[in-house]
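What follows draws every value from the coordinates through simple rules; no lab data is involved. Every value quoted in this text rests on a predicted model; they were computed, and no experiment measured them. Don't worry about glycine lacking a Cβ; one is built from the backbone with ideal geometry, like all the others, and counts go over all protein chains shown.
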Amino acid sequence: MISLYVHIPFCASRCPYCDFATAPATSPLRARYLAALRAELEREGAALGRPRIGTAFFGGGTPSLLEPDEIAALAMTIRSSFDFAPDEVTFEANPATLDRARLEAWCALGATRISLGAQSFSARALTALGRTHRPEDIAPAVAAARSVGLAVNLDLIFGRPGETEAEWRADLDAAIAQAPEHVSAYPLELELDPSLEWEAVTNWPGGGWPTLERWRSNATVARPDDDAVADRYALTGTVLEAAGYAHYEIANWARPGQECRHNLVYWRNGEWLGVGGGAHSHLAGVRSHQPAGLLAYIARIEGGEGRIPDPGADPAVDTAILALRLSEGLDLDAYALRFGSTARARVDAALAPLDGMGMLERRGPSVALSERARFVASEVFVRLIPD
Ligand code: SF4
């Protein structure tokens, strides 16, 4: 059994902080992209022997922008190419682009869960982030999702330009008032990495690179400082946990039993197929990806080429880092059985200096990051990467 990720890159506009592989919803390449996506699904389903799909996630981009007939065509291809009986199917949505016909098409595909890009309940903050939806779009979107039986995740962003602690606290209270099963909260990331992002930027007319650079440099000046952002993160944990949400991953909180099973497959370094531009896969211990540029992706599929292997992947290192993202942590005994005593000794040596610093929690054979270490997790992860 594997999981399935399907990338739908289309968005109504490009949010200037976004690093995902996106493209305009009005792109003349949209029909060709969706045809390539279906061709890739058919090809992978056949090559992998029509595997059972345990969980599926439609991310983007803005999958909720797809028309009902586009969703139905995808559903037909997925059902004919895979043994598609998943426990959980999530799709990402913009609160302003949901309607009954689209929701019903997603439910016919098997959707059980919606991830709404709420980001904030403040009009000022949404404008500061360059978002196109309004605070008043969020509650009706949650209600519409509930009316068709979907569990709800709300995505939130903190550390925004001009944000005050009171504004963030109000966002957390407003999110809780919607009673979502799950909340994801991320600090605003502003670093531009041309090597990673150029391909996706080229999907937009004119590229947009100077605009992104200008926006991010202004936002860097206007955002709260690092200590304030760390305080916001701590506040997030305190407020959400008091409201009954468990902090099960660095940026994710859930009601009991409502953790995102699909994302847990990633964090437990399980097996998944990712299809579409910029999608990553992890199958039979090998990581691979597709190009993020629409034209490059379409050309690759139309040319009959497969996924691009990731040369630098190290399963032992990846597994340790991913496990430490989770509150359940890394079971060192199981890790030694899977990767050998040398790999375990490397992890032990990397983590030993952190004992006694309040950064680690050890429970039996498992080690996890403490609540206070989670905000600086990347500083721990870097210790696990061999020189
Ligand atoms: S809607 Fe989401 S995926 Fe699209 S540009 Fe904005 S943040 Fe990125």
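What is the gain in length, in nm to one decimal, between ALA143 and ARG43 on full extension, counting 0.36 nm per residue of separation less the C-alpha to C-alpha distance? Working shown, then result.
Values: separation 100, 0.36 × 100 = 36.00 nm, distance 3.77 nm.
Taking 0.36 nm per residue and subtracting the Cα distance, the gain is 32.2 nm.
When the label point is put 7 Å from the Cα of LEU337 along its Cα-to-beta-carbon vector, which residues of the range 349-379 have a backbone N closer than 11 Å?
Taking a point 7 Å out along Cα→Cβ of LEU337, no residue of the range 349-379 has its backbone N under 11 Å.
Would you compute, from DSSP H runs of 4+ residues alone, the mean residue ellipticity of the chain at 222 nm, taking -39500 (n - 2.57) per run and dividing by the full residue count, rounded to the nearest 500?
-12500 deg cm²/dmol
Work from the charge dipole of the range 2-266 (Cβ charges, +1 for Lys and Arg, -1 for Asp and Glu, about the Cα centre) and give the residue of VAL239, TRP209, ALA73 farthest towards its positive end.
Value computed over the given set: ALA73.
Between rounded, prolate and oblate, where does the range 219-260 land on the alpha carbon gyration tensor, with a ≥ b ≥ c its root eigenvalues, rounded for a/c under 1.5, else prolate if a/b exceeds b/c?
prolate
What are the radius of gyration and Dmax of the range 237-387, computed over its Cα atoms and given in Å?
Using the Cα atoms of the range 237-387, the pair Rg, Dmax is 17.7, 56 Å.
At R0 = 25 Å, how high is the FRET efficiency between ALA230 and ALA123 if r is their beta carbon distance? Nearest 0.05 is fine. Working shown, then result.
On the way: r = 26 Å, r/R0 = 1.05.
Calculated transfer efficiency: 0.45.
When the Debye formula is applied to the Cα atoms of the range 2-266, each taken as the same point scatterer, what base-10 log of I(q)/I(0) results at q = 0.09 Å⁻¹?
Each listed q corresponds, in turn, to -0.42.
Give me Rg over Rh for the range 8-93, both radii from the alpha carbons and Rh done the Kirkwood way, two decimal places. Let's see the in-between values first.
On the way: Rg = 13.6 Å, Rh = 13.8 Å.
Expressed as Rg/Rh, it is 0.99.
How high is the FRET efficiency from SER217 to GLU379, r the C-beta distance, R0 25 Å, rounded to 0.05? Walk me through the numbers before you get to the answer.
Numbers: r = 25 Å, r/R0 = 0.99.
Approximately 0.50, to the nearest 0.05.
Modelled label-to-label distance, ALA108 and TYR186, 7 Å Cα→beta-carbon offset: nm?
The modelled label-to-label distance comes out at 3.1 nm.
Grab the beta carbon distance between ARG169 and MET76, set R0 = 45 Å, and tell me the FRET efficiency rounded to 0.05. Don't skip to the end; give the middle numbers.
Values: r = 46 Å, r/R0 = 1.02.
Between ARG169 and MET76 the formula returns 0.45.
For the chain, give the share of DSSP beta bridges that are antiparallel, in percent and rounded to the nearest 5; count only bridges with both residues there. Spell out each step's value before the answer.
On the way: 20 of 54 bridges.
Counting only bridges with both partners in the chain, antiparallel ones make up about 35 percent.
Could you tell me the distance between the Cα centroids of the range 219-272 and the range 284-313, to the nearest Å?
Cα centroid to Cα centroid, the span is 30 Å.
What distance in nm separates the two pseudo spin-label positions at ARG50 and GLU241, each 7 Å out from Cα along the beta-carbon direction?
Using points 7 Å along Cα→Cβ, the separation is 4.8 nm.
Run the numbers on the chain and let me know its relative contact order in percent, using alpha-carbon pairs under 8 Å that are six or more apart. Write down the numbers at each step before the final one.
Values: 658 pairs, mean separation 60.6, N = 387.
Computed over the chain, the figure is 16 percent.
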